[in-house]
Amino acid sequence: MLELDQVTVPNDLEAHWIPFTPNRHFKKHPRLVARAEGMWYTATDGRPILDATAGMWCCNVGHRHPRVVAAIQRQAAELDYAPPFQFGHPKSFELASRLADLFPGDLDYAFFTNSGSESVDTALKIALAYQRAIGQGTRTRLIGRERGYHGVGFGGISVGGMVNNRKWFGTLLTGVDHLPHTLDLERNAFSRGQPKHGAELADELERLIQLHDASTIAAVIVEPVAGSIGVYPPPVGYLERLREITAKHGILLIFDEVITGFGRLGKANACEYFGIVPDLVTLAKGLTAATVPMGAVMVRKPIYEAIVERSPAPEKTIELFHGYTYSAHPIACAAALAVLETYKEERLFERAAALAPIFEERLHSLAGKPHVIDIRNIGLMGAVELAPRPGRPTERAYDAMCDAFEHGLMIRVTGDTIALSPPLIATEADIARITDILGAVLDRLD
């Protein structure tokens with residue numbers, strides 16, 4: 001662990017406007033980390049902090065993995081940047097091929113971005129471009145889901161359904177509608193894995209189709225497991241029904257796998273876990289295990305072919321006017337390739353699958369703690385929902401997060417829900433320590 005005298009602590013926190021954070025409280029009571037290794041952060045005061053959240057759903061191989069660090073260092077010394085428009089470099093093509101091998105069906109093409117937010121906006125644009133390319137240009141409507149999180153771009157917050165992410169920013173994109181969320185505490189509280197009730201909520205898509213007509217709808221986007229809102233596993237049969245309805249009506253289905261991709265459910269992706277092949281898949285987080293910002297969109301072969309191979313324009317004409325300065329950045333590609341190799345060599349997907357039932361048991365052992373009104377889990381994703389304090393929503397969970405950090409544990413909160421997503425390298429002892437500390441935190445909460 002890092003020694004206290006090795007850390008330089010900033011003497012002024014004012015200039016940094018911190019995202020998704022109560023800045024006024026944080027700057028009075030900062031939670032700063034200075035180093036990380038394996039399952040652990042080290043705070044600036046030298047205390048070890050156990051990482052129960054994989055950073056932010058993303059440090060799947062743990063922190064400072066030697067293989068990944070070495071790959072980043074080598075790439076920075078070899079090729080620091082290559083323009084992604086009109087030029088390329090070998091590792092981007094190698095990475096795209098490796099990703100195509102990881103995904104089921106004909107999800108054979110990768111479009112690279114720099115984040116989950118960019119992946120979502122890219123997927124939405126590809127969906128619209130595809131419908132136009134096949135002569136369905138009237139299909140411009142996008143369907144999201146209440147309480148869904150799809151990043152913070154204007155496309156993502158438009159199809160997203162988290163109120164505070166939307167209400168500040170005007171009318172957003174037009175022509176967007178939303179399915180109902182799937183949380184049902186009355187029937188499904190304290191479910192283990194997928195809840196039994198709620199598959200019928202997918203049929204709300206048929207109602208929206210009757211309202212708007214299928215000829216106006218381009219795509220539906222959902223998280224296979226709603227993560228940022230507080231871990232909502234899909235009801236049994238729900239995703240299958242969405243796939244059935246979208247396929248019947250010629251509507252594209254987009255899985256937002258920014259969180260569920262790369263082992264979080266004990267499989268390479270949620271597509272494999274649930275046995276469903278959507279039309280587009282958004283990725284980020286676990287792609288590079290957060291070492292370098294990177295995202296991607298996996299695209300089914302018929303979509304790529306319609307936009308690119310069957311383009312009526314001359315061969316030297318750009319087929320899709322979209323991309324980013326840092327798409328397929330060489331250092332990000334090197335990091336991603338090293339991370340994929342680590343997943344394979346260390347069998348981390350299989351490790352996560354084996355640890356999931358242990359994680360489930362330990363998590364649900366907190367059911368009798370004060371203020372706990374629900375516990376949800378699937379794979380290595382878990383949530384403990386707390387009753388809000390009267391008139392002060394979100395405060396109880398926030399206080400739990402602060403107390404946990406003081407006692408050596410990093411957790412994540414959303415609303416009054418505590419979310420857990422440990423790195424895939426976690427051991428049974430790590431899981432036990434996480435739930436022991438969290439249990440004591442819950443005992444202290446008022």
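Do we have any residue at all in the stretch 243-259 that's surrounded by 24 or more Cβ atoms within 10 Å (Cβ to Cβ), outside any loop (DSSP other than H, G, I, E, B) and either among the acidic types (Asp, Glu) or in the same structural domain as residue 55 (by TED's automatic domain parsing) (or both)?
There is at least one residue in the stretch 243-259 that is surrounded by 24 or more Cβ atoms within 10 Å (Cβ to Cβ), outside any loop (DSSP other than H, G, I, E, B) and either among the acidic types (Asp, Glu) or in the same structural domain as residue 55 (by TED's automatic domain parsing) (or both).
With a cut-off of at least 3 residues that are closer than 28 Å to residue 348 by Cα and either modelled with pLDDT under 95 or in the same structural domain as residue 202 (by TED's automatic domain parsing) (or both), name the helices (runs of 4 or more DSSP H) lying wholly within the stretch 43-156.
66-78, 90-102, 116-133
Could you list, in sequence order, all residues of the stretch 55-84 that are of a type in the set (Gly, Ala, Ser) and within 24 Å of residue 324 (Cα to Cα)?
71, 76, 77, 82, listed by residue number.
Given (1) over 28 Å from residue 203 (Cα atoms); (2) surrounded by fewer than 24 Cβ atoms within 10 Å (Cβ to Cβ), where does residue 262 come up short, assuming only one miss?
(2)
If only one of 282, 291 is within 17 Å of the chain's Cα centre (by Cα), polar (S, T, N, Q), surrounded by 15 or more Cβ atoms within 10 Å (Cβ to Cβ) and farther than 23 Å from residue 66 by Cα, which one is it?
On the way: 291 fails: farther than 23 Å from residue 66 by Cα.
After applying the criteria, what remains is 282.
Pick from 421, 365: which is of a type in the set (S, T, N, Q), over 24 Å from the mean Cα position of the chain (by Cα) and at pLDDT 95 or above?
Unique residue meeting the criteria: 365.
Hey, can you tell me all the residues within the stretch 134-152 that are under 21 Å from residue 299 (Cα atoms) and surrounded by fewer than 20 Cβ atoms within 10 Å (Cβ to Cβ)?
134, 135, 136, 137, 140
Can we say residue 338 is assigned by TED's automatic domain parsing to the domain that holds residue 110, closer than 17 Å to residue 423 by Cα and not basic (Lys, Arg)? Give the steps one after another, and end with the answer.
Values: assigned by TED's automatic domain parsing to the domain that holds residue 110: yes; closer than 17 Å to residue 423 by Cα: yes; not basic (Lys, Arg): yes.
In short, yes.
Looking at 77, 43, 71, can you tell me which residue is over 26 Å from residue 334 (Cβ atoms) and of a type in the set (Gly, Ala, Ser)?
43
What residue, among those in the stretch 38-73 that are among the basic types (Lys, Arg) and on the phi < 0 side of the Ramachandran plot, is nearest to the chain's Cα centre (by Cα)? Explain how you work it out, then say what you get.
Here is the first cut: in the stretch 38-73, the residues among the basic types (Lys, Arg) are 47, 64, 67.
Now narrow it down to the ones that are on the phi < 0 side of the Ramachandran plot: 47, 67.
Working: 47: 28, 67: 24 Å.
That would be 67.
Taking the stated definitions as given, is residue 114 under 21 Å from residue 304 (Cα atoms) and in contact (Cβ under 8 Å) with a residue 24 or more places away in the chain?
The answer is yes for residue 114.
Could you grab the pairs with beta carbons closer than 8 Å, sequence gap of 6+ or different chains, first residue in the stretch 373-401 and loosely packed, with under 15 Cβ neighbours inside 10 Å, second one of a type in the set (D, E, K, R) and part of a strand (DSSP E or B)?
What qualifies is 395/389.
Within the stretch 109-140, can you find the residues that are β-branched (Val, Ile, Thr) and more than 15 Å from the chain's Cα centre (by Cα)?
122, 126, 134, 138, 140
The values are calculated or read from the model by the stated rules, or taken from the named source; none is laboratory data. Predicted model, so just to flag it, every value in this text is computed and none were measured. Positions of Cβ are backbone-derived with ideal geometry, glycine not excepted, and every protein chain shown enters the neighbour counts.
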